[in-house]
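Heads up: the structure comes next, in C-alpha cells.
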Amino acid sequence: MPQHVQGVIAPGKDQPVRVETIVVPDPGPGEAVVKVQACGVCHTDLHYKQGGINDDFPFLLGHEAAGVVESVGDGVTEVAPGDFVVLNWRAVCGQCRACRRGRPQYCFDTHNAEQKMTLLDGTELTPALGIGAFAEKTLVAAGQCTKVDPETDPAVAGLLGCGVMAGIGAAINTGQVGRGDSVAVIGCGGVGDAAVVGARLAGAARIIAVDVDDRKLETARRMGATHTVNSRSTDAVEAIRELTDGFGADVVIEAVGRPETYEQAFYARDLAGTVVLVGVPTPEMRLELPLLDVFGRGGALKSSWYGDCLPSRDFPMLVDLHQQGRIDLAAFVTGKIGLDEVEQAFGRMHEGDVLRSVVVL
C-alpha cells in the first residue's frame, strides 16, 4: 500500500522550500522504491526552485542520492530489495538509435517512473531529474538504480549521482584527457573540482584551476590542481597561456556555464585543443564568437551532459577507486544536514566555502 514519508518540496518559483508529507505509491512494472540514506544538495536543485528548469511546480527536490532498494515492481531483474544503490537520472532504454549503435551514454529515450508521487491532498509532484530524493523514500525507474559496494558511505556514494560524476566524466569521458596533457578548469565549485580530480586521475601533467575566489582555488589545489589563477585580478586566458609555454591548454573545462567564461575557455585552449562545457547555462544566455576563429583554431567544442557517463560502468569503477584510496570522494562532503536544513544549504552555496552539503536520513 502507499507509504507516507517526509520530503522537501519547492512549492513555487523562488519560494522557500519546505518539508511536507509525501505519498509514495507501491512500485509498478519496471519501478523501484528506494529508502534514501543520503542526498547531496546540488545547484541544479536550486535551479528548480528558481524556475530555471521549467515551471512544473511543485517539485520534489533532490537527485544526487544513495540508498537501499526497499521493493520492486513486476519485471524488475537488475536490482532486488536490499541492494545498495546510487540513483542516476539517465536510465538508458537499450532500444534507441544511440543504444543500438553501442553508445548508451547518449541514450535519447531515458526513462523515469510512470507513477507520480503526491502530496496528501493528491497534488502531483514533479521529481527533480526524475528522482526526488530529498525524501525518506522515493519512487524511481529500476534502471535509475546502480548497484555499488555496500561498504561505501552513502553520503559519499550519492555524490556520484550528479555533480562529482559530471566533473570527473567531463575530464575523462568527454575531454578524453590523456597522460601528459595540460588541462585548465574554469570554475572551481563541486563540478569543477571533480574535473580537477578527473584530470589528475587521467594523468594530466599540468592542471590549472581558475576562479574568482581564493578559497575555492585553495580547495582545487588540495584536489590536485598544480597551478591556480584568480581571474578577478588576472587575465585568465593570458595566465593559462603563460603556464602552457604560450600555447594554451590541451583541454579546457568550463564549469560555470556563462558566455564570458566560455569565451575564456575558447581562447585559452591550444590550437586543435578541446573545450568542454559542463557548466549549465540558463535559457536566455547567448554566445557570440567570430566564425573565422571557430574555423581557424580547429579542435573540438563539446558539451558534457552528466559527464557522458554510463552509470553501470562508471559508478562502480569510481567507488572502487575511492575504496582503494586512489581518489578521495569524501573530500567533496563539506557537511551533513537534515531535511529541514535544505533552504539554509541553498544559502550557503553562495558563500563560496561549500562543495556539498549532504542530507543524511
Output the relative contact order of segment 251-300, whole-number percent, from Cα pairs under 8 angstrom with separation of 6+ residues. 43 percent
Please report the spacing between the Cα centers of segment 281-348 and segment 214-270 in Å, no decimals. 16 Å
Return one number: the angle in degrees, 0 to 90 and rounded to the nearest 10, between the long axis of the Cα atoms of helix 259-268 and the longest principal axis of the Cα atoms of the chain. 50 degrees
Report the charge-dipole magnitude of segment 288-347 in Debye, nearest 20, computed about the Cα centre from +1 at each Lys and Arg Cβ and -1 at each Asp and Glu Cβ. 320 debye
Suppose each label sits 7 Å from its Cα in the direction of the beta carbon; what would the Q176-L291 distance come out to in nanometres? 2.7 nm
Roughly how many debye, to the nearest 20, is the charge dipole of the chain about its Cα centre, given +1 on each Lys and Arg Cβ, -1 on each Asp and Glu Cβ, and no other charges? 780 debye
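Only Cα pairs under 8 Å and at least 6 apart count here; give the relative contact order of segment 1-62 as a rounded whole percent. Walk me through the numbers before you get to the answer.
Values: 84 pairs, mean separation 25.8, N = 62.
Rounded, it is 42 percent for segment 1-62.
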Taking the 0 to 90 degree range and rounding to the nearest ten, how far is the long axis of helix 214-223 tilted relative to the main principal axis of the chain, both from C-alpha atoms? 80 degrees
Quick check: the angle from helix 311-323's long axis to the longest principal axis of the chain, C-alpha only, nearest 10 degrees? 80 degrees
Which whole-number percent gives the relative contact order of the chain, counting Cα pairs below 8 Å spaced six or more residues apart? 17 percent
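Using a Förster distance of 25 Å, how high is the FRET efficiency between E78 and Q6, based on the Cβ-Cβ distance and rounded to 0.05? Working shown, then result.
Numbers: r = 28 Å, r/R0 = 1.12.
My answer for the efficiency is 0.35.
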Going toward the positive end of the dipole of the chain, with +1 on Lys and Arg Cβ and -1 on Asp and Glu Cβ, which of P283, V86, C99 do you reach last? C99
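How charged is the neighbourhood of R103? Take every other residue with its Cβ under 11 Å from the Cβ of R103, and add Lys/Arg as +1 and Asp/Glu as -1. List each step's numbers first, then the result.
Values: positive: R97, R100, R101; negative: D308.
My count for the surroundings of R103 gives +2.
When the helices in the chain are scored as -39500 (n - 2.57) per DSSP H run of 4 or longer and the sum is shared across all residues, what 222 nm value do you end up with, to the nearest 500 deg cm²/dmol? Intermediate results must be reported in sequence, preceding the final value.
Numbers: 11 runs with 91 residues, N = 361.
My calculation for the chain gives -7000 deg cm²/dmol from helical runs alone.
Could you work out what % of the accessible surface of segment 243-334 is carbon and sulfur, using a 1.4 angstrom probe and leaving DNA, RNA and ligands out of the count?
Numbers: 2620 of 4620 Å².
For segment 243-334, the apolar C and S fraction of the accessible surface comes to 57 percent.
What does the charge add up to near L271, with Lys and Arg as +1, Asp and Glu as -1, over the other residues with Cβ less than 15 Å from its Cβ?
Details: positive: R241, R269, R297; negative: D181, D245, D250, D270, D293.
Here the count lands on -2.
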Please build a GNM for the chain, connecting alpha carbons under 10 Å apart, and tell me which residue among A66, A141, A345 fluctuates the most. A345
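Multiply the residue gap between E124 and D55 by 0.36 nm, knock off their C-alpha separation, and tell me the result in nm, one decimal place.
Between E124 and D55, full extension yields an extra 23.5 nm.
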How long is the gain from E218 to T282 if the chain were fully straight, where each residue apart is worth 0.36 nm and the alpha carbon distance is subtracted? 20.3 nm
Run through the DSSP bridge list for the chain and note the antiparallel percent, rounded to the nearest 5. 55 percent
Return the aspartates and glutamates within reach of K147: Cα separation strictly under 14 angstrom, same-chain partners fewer than 8 residues apart disregarded; answer none if there are no such residues. E70, E78, D83, D314, D320
Once mean projected area of the Cα convex hull in nm² is worked out from the coordinates, which option in (1) 16.0; (2) 17.4; (3) 19.6 does it equal? (2)
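Quick one: of the DSSP bridges fully inside segment 88-228, what percent are antiparallel, nearest 5?
Details: 1 of 8 bridges.
Just about 10 percent of them are antiparallel.
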Quick one: of K35/K336; K13/K302; K13/K336; K35/K216; K137/K336, which pairs are farther than 23 Å apart, Cα to Cα? K13/K302; K13/K336; K35/K216
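What size of dipole, in debye to the nearest 20, comes out for segment 234-285 about its Cα centre when the only charges are +1 on Lys and Arg C-beta atoms and -1 on Asp and Glu C-beta atoms?
Values: 3 positive and 10 negative charges, 31 e Å.
The dipole magnitude comes to about 140 debye.
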Starting from the Cα of F247, step 7 Å along the direction of its Cβ; do the same at R348; then give the gap between the two resulting points in nm. 4.2 nm
Local charge sum around G51 (other residues, Cβ-Cβ under 9 Å, Lys/Arg +1, Asp/Glu -1)? 0
Does segment 48-202 come out rounded, prolate or oblate by the C-alpha gyration tensor, with a ≥ b ≥ c the root eigenvalues, rounded set by a/c under 1.5 and, if not, prolate when a/b is larger than b/c and oblate if not? prolate
Could you check the spin-label model distance between L321 and E238? Points 7 Å from the Cα along Cα→Cβ, value in nm. 3.6 nm
With a 1.4 Å probe and all protein chains left in place, how much of the accessible area of segment 150-210 comes from carbon and sulfur atoms, in whole percent? 44 percent
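The values are calculated or read from the model by the stated rules, or taken from the named source; none is laboratory data. Computed from a prediction, not measured in an experiment: that's the story for all the values here. In this analysis, Cβ positions are derived from the backbone assuming ideal geometry, glycine residues included, and neighbour counts consider all displayed protein chains. Just the protein is used for accessible areas: all its heavy atoms, side chains included, with ligands, DNA and RNA removed. Shrake-Rupley method; radii C 1.70, N 1.55, O 1.52, S 1.80 Å.
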